[in-house]
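Structure record follows, encoded as C-alpha cells.
The values are calculated or read from the model by the stated rules, or taken from the named source; none is laboratory data. What you see is a predicted model, and the numbers here were worked out from it, not measured in a lab. Every residue, glycine as well, gets a Cβ built from its backbone with ideal geometry; the counts of neighbours run over all protein chains shown. Protein only, heavy atoms only, side chains kept; ligands, DNA and RNA dropped before computing areas. Shrake-Rupley method; radii C 1.70, N 1.55, O 1.52, S 1.80 Å.
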Amino acid sequence: MNAQELRDKTPDQLRDELTALKKEAFNLRFQQATSQLENTARIKQVRRDVARVKTVLNQKAADAAAE
C-alpha cells in the first residue's frame, strides 16, 4: 500500500482501513507472543501502514480545516 492509493480514498474508507490494520497488528502481536508467527516482517509492514493511514487522515483533516 502506498500513500497515493490512500489519498484517493475517503476519510471513512481510511478509518475502516485503520481499524482493520490495528486488528491485524493485534493478531500479529498475539501470534508472536505464542510463538506462532511465521512472517515476522509483517509486523513492521503493518506498523508502517498504520502510520501512513494516520498521516493521510491528518493531512485530509488539515486541508478541510484550511478551507
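Below are the figures for this structure:
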read-out: The chain, dipole about Cα centre (Lys/Arg Cβ +1, Asp/Glu Cβ -1), debye to the nearest 20; value: 340
read-out: In Hz, Karplus ³J(HN,Hα) per residue of the stretch 38-43 (6.51, -1.76, 1.60; θ = phi - 60°; x = Gly, Pro); value: 9, 9, 5, 5, 5, 4
read-out: 222 nm mean residue ellipticity, helices alone, for the chain (DSSP H n ≥ 4; -39,500 (n - 2.57); rounded to 500); value: -27500 deg cm²/dmol
read-out: Cubic angstrom per residue, convex hull over Cα atoms of the chain; value: 73
read-out: Potential extension, Asp12-Gln59 segment - 0.36 nm per residue separation minus Cα distance; value: 15.5 nm
read-out: Pairs of Lys in the chain closer than 13 Å at Cα, counting only those 8 or more apart or on different chains; value: 4
read-out: Å² per residue, accessible surface of the stretch 1-62 at 1.4 Å; value: 73
read-out: Residue-wise HN-Hα coupling along the stretch 60-66, computed from phi with Karplus coefficients 6.51, -1.76, 1.60 (Hz; x: Gly, Pro); value: 5, 5, 5, 5, 5, 6, 6
read-out: Carbon/sulfur fraction of accessible area - the chain, other protein chains in place, 1.4 Å, %; value: 47
